[in-house]
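Chemist: Mind having a look at this structure? Questions to follow.
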Number of protein chains: 4
Amino acid sequence: MAKKVGILTGGGDCPGLNAVIRAAVYSGVIEHDLEFVGIKYGWRGLLERNTVPLTLEDVRKILPEGGTILRTSRTNPIKKAEDIDRALSGFKELGLDYLIAIGGEDTLGAAYRLWRGDKNFKVVGVPKTIDNDLSGTDVTFGFDTAINIAMKGIDRLHTTARSHNRVMVVELMGRHAGWIALEAGLTGSADIILLPEVPFDIENDLCGPLRKMKERGREYAIVVVSEGAKLDVERDSDGSYFLQEIDLDEFGHVRLGGIGKILADEIEDRVDWETRHVVFGHLQRGGSPTAFDRFLSTRYGVAAADAVAEGLSGVMISLRGTEVKPIEMTDEIKEIKTVPENFRRYARLFTARNE
Amino acid sequence: MAKKVGILTGGGDCPGLNAVIRAAVYSGVIEHDLEFVGIKYGWRGLLERNTVPLTLEDVRKILPEGGTILRTSRTNPIKKAEDIDRALSGFKELGLDYLIAIGGEDTLGAAYRLWRGDKNFKVVGVPKTIDNDLSGTDVTFGFDTAINIAMKGIDRLHTTARSHNRVMVVELMGRHAGWIALEAGLTGSADIILLPEVPFDIENDLCGPLRKMKERGREYAIVVVSEGAKLDVERDSDGSYFLQEIDLDEFGHVRLGGIGKILADEIEDRVDWETRHVVFGHLQRGGSPTAFDRFLSTRYGVAAADAVAEGLSGVMISLRGTEVKPIEMTDEIKEIKTVPENFRRYARLFTARNE
Amino acid sequence: MAKKVGILTGGGDCPGLNAVIRAAVYSGVIEHDLEFVGIKYGWRGLLERNTVPLTLEDVRKILPEGGTILRTSRTNPIKKAEDIDRALSGFKELGLDYLIAIGGEDTLGAAYRLWRGDKNFKVVGVPKTIDNDLSGTDVTFGFDTAINIAMKGIDRLHTTARSHNRVMVVELMGRHAGWIALEAGLTGSADIILLPEVPFDIENDLCGPLRKMKERGREYAIVVVSEGAKLDVERDSDGSYFLQEIDLDEFGHVRLGGIGKILADEIEDRVDWETRHVVFGHLQRGGSPTAFDRFLSTRYGVAAADAVAEGLSGVMISLRGTEVKPIEMTDEIKEIKTVPENFRRYARLFTARNE
Amino acid sequence: MAKKVGILTGGGDCPGLNAVIRAAVYSGVIEHDLEFVGIKYGWRGLLERNTVPLTLEDVRKILPEGGTILRTSRTNPIKKAEDIDRALSGFKELGLDYLIAIGGEDTLGAAYRLWRGDKNFKVVGVPKTIDNDLSGTDVTFGFDTAINIAMKGIDRLHTTARSHNRVMVVELMGRHAGWIALEAGLTGSADIILLPEVPFDIENDLCGPLRKMKERGREYAIVVVSEGAKLDVERDSDGSYFLQEIDLDEFGHVRLGGIGKILADEIEDRVDWETRHVVFGHLQRGGSPTAFDRFLSTRYGVAAADAVAEGLSGVMISLRGTEVKPIEMTDEIKEIKTVPENFRRYARLFTARNE
């Protein structure tokens, strides 16, 4: 008899989720004689037994669509003991043999814990985060779409910044890791890139280089900053002043969504150069996935169906080099992959020009 | 001997400025034996005698570029008597027979006043505003590019809003006229559109319809609002409360750049529906112009060269129906063209669905 | 009782058809108490009584989709007497009070003739052609999308042509009128544009100017040609030779789809300049409509519902200046609107640079 | 004293070439005290001593531009003994210490042979092919841009195919390897994908599946075919017939540029389903690179400067997993990397649905 497989998507939405779902169903039905059911709104749907059918016909046209046809939520089923029970009983009641859980550190972490607690709760995880900061895989889908949107936006800002002789500060996603700011900034020809990984000194890392650019006659400048970039409170010569003025938390983080505006104000004050800021926000995560993300998601989906067919559990799909394959889930799933030194070097190199 | 023509671009930058410059130079040099000089940074360049050559070769490749190769500024030469003198003497010193002034109400208003004061200061105006709110012409270039960028952004927000069951509030440009919000909102399938022309009641025009949508099972909603949309302080049942909470000016305007966030907060409070906001800001004015804007700008540029060749002055180029032609400038240049009733109807119609 | 209105789409598909359908249904249901039924595959669906429901819910999400949810065909119901009878009886059997026919000269011509023959067959036409060559309206929807796609394609070809020092010949749609080649060519910075309206001499209008460009050191050239561009067989010095070589019809037309390749071969032979050609073909008509097309289509749809509500028949919707309104259909519907002299001038102007 | 490094680009142009040049110059000048000179038109420029300066300022703005600022040619300097001498003497005369050669199998092969013949001719190669078929690296730049362009084009064709109930045949680049057809076809939701690696039987692999799709009620179909896809002349039941009709070479290849049309004709004949074809051609290789290609090219350029600084020669830059690093060049550079079985599986899987 065909194994019955539930699929759910959890956490923030991301271009490519539908491509994973479609590919898993295609491979599962055509190659492995699996049967699928969609669980709506992530873990919440498992707790509430909220499901939809998932046949070949249901998934045939969804590849180019952003978001997730299964919808999503941030419900975490392992926070309360009763939810753990409801999740496990939901799995049984729905007659599932397997669950494919597509999500980020929270979703995969919960899947891993549930499986650890009850080995009948068989799970295959598919890693997802638009921020590209999951340790278990080289690249996550959705990231390529996000940086292309951000890069094209930055491309457009060059002409308006140049026409007005302005500095333009662009705030991009990335609370704990600077992948989006790094790659969108580099590919968008940004002059200065500030990442969460490298706490910055507002004078030496930002205003000083901008002042020199202005003195040397550069017509305009583009600054790209991660939302999670933080001040180096020890090194910063003006740290104490700066700290009093704005709302920083204990780690030197500016409150969410605000750093772009604050930097723009500081630049105008300190460098005397007209400055504007833009926050790309939700524009970075919507819409149809790029070819890279459609293909990677498709590979992830096929590999997830393969893993189910092989009877694996407690694994997640991973890209390593050119290969997509299952690896064992561990507690390290929740480790953040930050931008390493050899990538930070690129940001320094293209900024160094301005010093 | 060839007439010598100066060209300047003033006010906010706008996709299509380079196309006007290129077309005026092409038509002027090839068809009318004119000679051109570029005046940098708008009126400031005339006051400071800051110029660049403008030959066919200089403009050959600039059509697809956003912004303006002549750069721009908001310098207004008629605010001080001494600047008026410097502008008029600059015109003479540079040996100009004509000036083509490309800009919005301020730039054209200044050009008109200078010419009225000294009929030797011969000017041809080319209307420019990304907001499409100039009375003297059916459409201004740059507007089509802006609404396409905004529409594509809204298109992308649908998938993320749907995946998360959210309301998404999109704040677009338009301080005094709602053209961008109207056309980007309509073409982006927005559920509710708020324009500066129609002061809104936060309960009846926004939260009430959203509540009904939610009750009827709609998964998500898109709200588009002009930055200049204002509260109907008389009609609004909660006006007094609302007024105390936020920073409104005497006309009911929310402070610039802030209305999107305020509405998002109100919606979450009153409707109990998760809501996010995005401010498109400068993304709307940069980048390569659309085909419509490249073609309209080209027609404007050719018509400006024609007007110079015919010896006209005190005119501006205008699109009327399918025809591009010079019309006399008057003091009414500064009148804002707001969204008229027959266009507001479209916003009501597609919103009405939600009531 | 609510009037019952059928809607059909006929002829080649075109971005914006769904927007017309949606807007007509929205306005009809919400503002005018009309009821709608979709007729599938154009006139064929009327002959075969092939229909689908069209409620607000059916059309809510279709605005950004290219093509037509009603599908289309080239079936013409007035070619055979029996089809005329089947069309008229279909109208009655389906209980229709009105028909909104969206299509080009054939579709509208048939609607007009059926109505002329039987005044109970009440029709409102909505003009559609991607070629923009219908006389009854200033602009048709779909055209803007087509020229943007073509323009962006041409933009891309510049970099490859320049890198290789090549001539690139781009063949665009336009059998009888050159609107697409004119506007995509102009906005794509083409060096030479050949239209059906101006029969060309292969030496004087094409190879001669290219030879001069090459001699003057231009690195590359872009030639844009309508598929329907034709040889001036009287003027062309090499006409007799050229005529023997290639397959021309009696009017000097090259067989469909072939002129781009033929011109590329001739250029390599005569100018000794490496040349490649690209035929954009069906890429020009698919996909999501631009903002201009979505808005124009929406206005057409609303105006069609208005016309039905007013009890008009034998009319078509038309854009005149900034106004969208019904005009009477006449036999002149079938007249082609070719590119007039004041628009051809633009092509000459930007080409003249090369002479 | 600073080492002097020449850079050249050879073979077909490709998005990302300018990004490599810029990054090599940035890293070389800022981090390694190198000095650069640009060699124009590939190897031809070395033979003819045709060079341009390459300072930081020369490369500052070129990142988003398609093509190559150094231009390119297909000149191969190792075909004639005298050219080998001219290349070696050119290297000396220009005072070069190093050459960075960016190109495909021909360019790199020539660089390798010249260095093998004279170890003073120090070279670092950077692999380039839009077809992604070079063995020495996981991915080549330009490929991601090409598949995104192709995928978006295919996306557009879906709506027009569906509206008309048609089969659409899309011919993509790929003479010897099917990477572009595979990835653009998969990500463009193609129904059938034909690659050079898997000779096809026109009945069993194409017309049969299409006939079944039609019988099952599918409204339309998308077929993607590599320009180099070839007939399985042994297996094909109609091979002998088919061979007589069309122009195949000894390996079963259809003549370049023609397979899309031929398949479209065959499908109409055999399946009785209206079919159109489109050849994307040069549209696939022009224009601004995607984020992926800009970033990969930047990494290649930095790694090339690093290799020069380290004194390496006879190496080429390679992406292996997430690492970009130099590897030794060998005669195997010229080996084509075809689509392997685990990737072909994807094409079969999504096609299998149709059988």
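Each value in this text was obtained by applying a stated rule to the coordinates, not by laboratory testing. Remember, it's a predicted structure, so these values are computed and weren't measured experimentally. Reconstructed Cβ throughout: ideal geometry from the backbone, glycine too, with neighbour counts over all protein chains shown.
Chemist: Expressed in whole Å with the largest first, what are the equivalent ellipsoid semi-axes of the range C:58-206 derived from the C-alpha gyration tensor as the square root of 5 times each eigenvalue?
Modeler: 40, 19, 12
Chemist: Same structure, new question: Can you spot the lysines whose alpha carbon is less than 17 Å from residue C:337's alpha carbon? Ignore those fewer than 8 places along the same chain.
Modeler: List returned: C:128.
Chemist: Consider the operator that turns chain A into chain C: which A residue has a Cβ nearest its axis, and what is that gap in Å?
Modeler: Reported as residue, whole Å: A:288, 5.
Chemist: Run the label-point distances for residue A:85 please: 7 Å along Cα to Cβ, every other copy, nanometres, shortest first.
Modeler: For residue A:85, the inter-copy label distances come out at 7.6, 9.1, 9.3 nm.
Chemist: Same structure again: Looking only at other chains, what is the average number of their beta-carbon atoms within 10 angstrom of each beta-carbon in A:49-62?
Modeler: Details: counts 0, 0, 0, 0, 0, 0, 0, 1, 1, 0, 0, 4, 3, 1.
What the average comes to for A:49-62 is 1.
Chemist: Another question about this same structure. By a straight-distance test (C-alpha under 20 Å), which lysines pair with residue D:4 as possible cross-link partners, with residues fewer than eight away in the same chain excluded?
Modeler: Candidates past the 8-residue exclusion: D:40, D:92, D:119, D:122.
Chemist: Rounded to two decimals, what ratio of Rg to Rh does the range A:54-130 give with C-alpha atoms and a Kirkwood Rh?
Modeler: Details: Rg = 13.6 Å, Rh = 13.8 Å.
Using Cα coordinates only, the ratio equals 0.99.
Chemist: Angle, helix C:17-26 long axis vs. longest principal axis of chain C, Cα atoms, 0 to 90°, nearest 10?
Modeler: 30 degrees
Chemist: For chain B, what does -39500 (n - 2.57) per DSSP helix run (n ≥ 4), summed and divided by total residues, give at 222 nm, in deg cm²/dmol to the nearest 500?
Modeler: Per the formula, -11500 deg cm²/dmol.
Chemist: Now for a different question. Can you give the angle from 0 to 90° between the axis of helix B:143-164 and the longest principal axis of chain B, with both taken from C-alpha atoms, to the nearest 10?
Modeler: Helix B:143-164 sits roughly 20 degrees off the main axis of chain B.
Chemist: Calculate how steeply helix B:341-352 sits against the longest principal axis of the alpha-carbon atoms of chain B, using the helix alpha-carbon long axis, and give the answer as 0 to 90 degrees to the nearest 10.
Modeler: The angle comes out near 30 degrees.
Chemist: If N is the number of residues in the protein assembly as shown, what value comes out of its Cα radius of gyration divided by 2.2 N^0.38 Å?
Modeler: In units of the 2.2 N^0.38 Å rule of thumb, it is 0.91.
Chemist: Now, a different point. If you take the alpha carbon radius of gyration of chain A and divide it by 2.2 N^0.38 Å, what ratio comes out, to two decimals?
Modeler: 1.10
Chemist: From the C-alpha gyration tensor of the range D:255-304, pull out the three semi-axes of the equivalent ellipsoid (sqrt of 5λ each), sorted largest to smallest, in whole Å.
Modeler: 39, 11, 9
Chemist: Let me ask something additional. Under a point spin-label approximation (7 Å from Cα along Cα-to-Cβ), what is the residue C:56-residue B:1 distance to one decimal in nm?
Modeler: Computed distance between label sites residue C:56 and residue B:1 equals 7.1 nm.
Chemist: Report D for the range D:145-219 in µm² per second (integer): Stokes-Einstein, Kirkwood Rh on Cα pairs, 4 °C, 1.567 mPa s.
Modeler: 99 µm²/s
Chemist: Measuring label to label, 7 Å along Cα→Cβ, what does residue B:215 give against each other copy in nm, shortest first?
Modeler: Output for residue B:215: 5.4, 6.6, 8.0 nm, nearest copy listed first.
Chemist: Find out how many positive minus negative residues lie around residue D:340, taking Lys and Arg as positive, Asp and Glu as negative, among other residues whose Cβ is under 14 Å from that of residue D:340.
Modeler: Local net charge: -2.
Chemist: Any idea what the relative contact order of the range D:98-214 is, in percent, if you count C-alpha pairs under 8 Å spaced at least 6 apart?
Modeler: Over the range D:98-214, the number comes to 17 percent.
Chemist: Can I ask one more? When the Cα atoms of the range A:262-355 are enclosed in a convex hull and the volume is divided per residue, what value in Å³ results?
Modeler: Values: hull volume 18.1 nm³, N = 94.
With only Cα atoms used, the range A:262-355 gives 193 Å³ per residue.
Chemist: After finding the eigenvalues of the alpha carbon gyration tensor for the range A:1-81, what semi-axes result from the square roots of 5 times each, listed largest first in whole Å?
Modeler: Three semi-axes, in Å: 22, 16, 9.
Chemist: What gaps in nm, shortest first, separate residue B:345 from its twins in the other copies when you place the label 7 Å past Cα toward the beta carbon?
Modeler: Distances between equivalent label points, in nm: 3.6, 6.1, 6.6.
Chemist: Could you pull out the GluC sites (Glu not before Pro) across the range B:167-239 that fall in loop regions by DSSP (anything but H, G, I, E, B) with no more than 16 other Cβ atoms inside 10 Å?
Modeler: Here the sparse-neighbourhood loop sites are B:219, B:234.
Chemist: Could I ask something else about it? Using alpha-carbon pairs under 8 Å, 6+ residues apart, how would you state the relative contact order of chain D in percent?
Modeler: Averaging sequence separation for qualifying contacts and normalising by length gives 23 percent for chain D.
Chemist: Can you order the peptides A:17-26, C:132-141 by their average number of other Cβ atoms within 10 Å per residue, highest first? Spell out each step's value before the answer.
Modeler: Details: A:17-26: 28.1, C:132-141: 22.4.
Put in order of decreasing packing, that is A:17-26, C:132-141.
Chemist: Computed on alpha carbon atoms, what radius of gyration and Dmax characterise the range B:46-85, expressed in Å?
Modeler: For the range B:46-85, the Cα-based Rg and Dmax read 13.9, 39 Å.
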